[in-house]
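Written below as structure tokens is the structure these notes are about.
The values are calculated or read from the model by the stated rules, or taken from the named source; none is laboratory data. Computed from a predicted model, the values in this text were never measured in an experiment. Glycine also receives a Cβ, built like all others from the backbone with ideal geometry; neighbour counts cover every protein chain displayed.
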Amino acid sequence: MDIRKIILTILVFGLIGGAVFMTVEMSTLGADVEKVASEEFSLKEENRQLKSMLVEGSSLSSLEKNAEGLGYLRPEYTLYISGKEALTAKLP
């Protein structure tokens, strides 16, 4: 009977220790999940900002400003070629 009590006591303490260990592991995993969720939110926000910058940077008004800064100028007049002149313009 004495050995049964010892085995039962060891088993109870083992189960209690296992429960404490699992509780600590679960709280550690919860903290990790929270950290990953925070990082995910941060990356989504950065992605949204980058998409906004891309749309803004590829807009026609922005491209026009960049072209002027690079030395491109608007033509003073536009020459349209039609008919026989168009064929002549294509030939070498």
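Just to verify a result, which residue in region 72-92, among those that are of a type in the set (Phe, Trp, Tyr) and modelled with pLDDT of 80 or more, is surrounded by the most Cβ atoms within 10 Å (Cβ to Cβ)? It would help to see each step written out before you state the result.
Pass one, region 72-92, residues of a type in the set (Phe, Trp, Tyr): 72, 77, 80.
Right, trim to modelled with pLDDT of 80 or more and you get 72, 77.
Working: Tyr72: 9, Tyr77: 4.
Filtering region 72-92 for residues that are of a type in the set (Phe, Trp, Tyr) and modelled with pLDDT of 80 or more, the one surrounded by the most Cβ atoms within 10 Å (Cβ to Cβ) comes out as Tyr72.
Before we move on, is Ile16 surrounded by 10 or more Cβ atoms within 10 Å (Cβ to Cβ) and not in a helix (DSSP H, G or I)?
Values: surrounded by 10 or more Cβ atoms within 10 Å (Cβ to Cβ): yes; not in a helix (DSSP H, G or I): no.
No; evaluated as a whole, the condition is false for this residue.
Just need a number here: residues in region 38-71 that are part of a loop (DSSP other than H, G, I, E, B), hydroxyl-bearing (Ser, Thr, Tyr) and surrounded by fewer than 10 Cβ atoms within 10 Å (Cβ to Cβ). Spell out the reasoning first.
Restricting attention to region 38-71, the residues satisfying the condition of being part of a loop (DSSP other than H, G, I, E, B) are 58-59, 70-71.
Then keep just the ones that are hydroxyl-bearing (Ser, Thr, Tyr); that gives 58-59.
Filter once more, keeping what is surrounded by fewer than 10 Cβ atoms within 10 Å (Cβ to Cβ): 58.
Residues that pass the stated criteria total 1.
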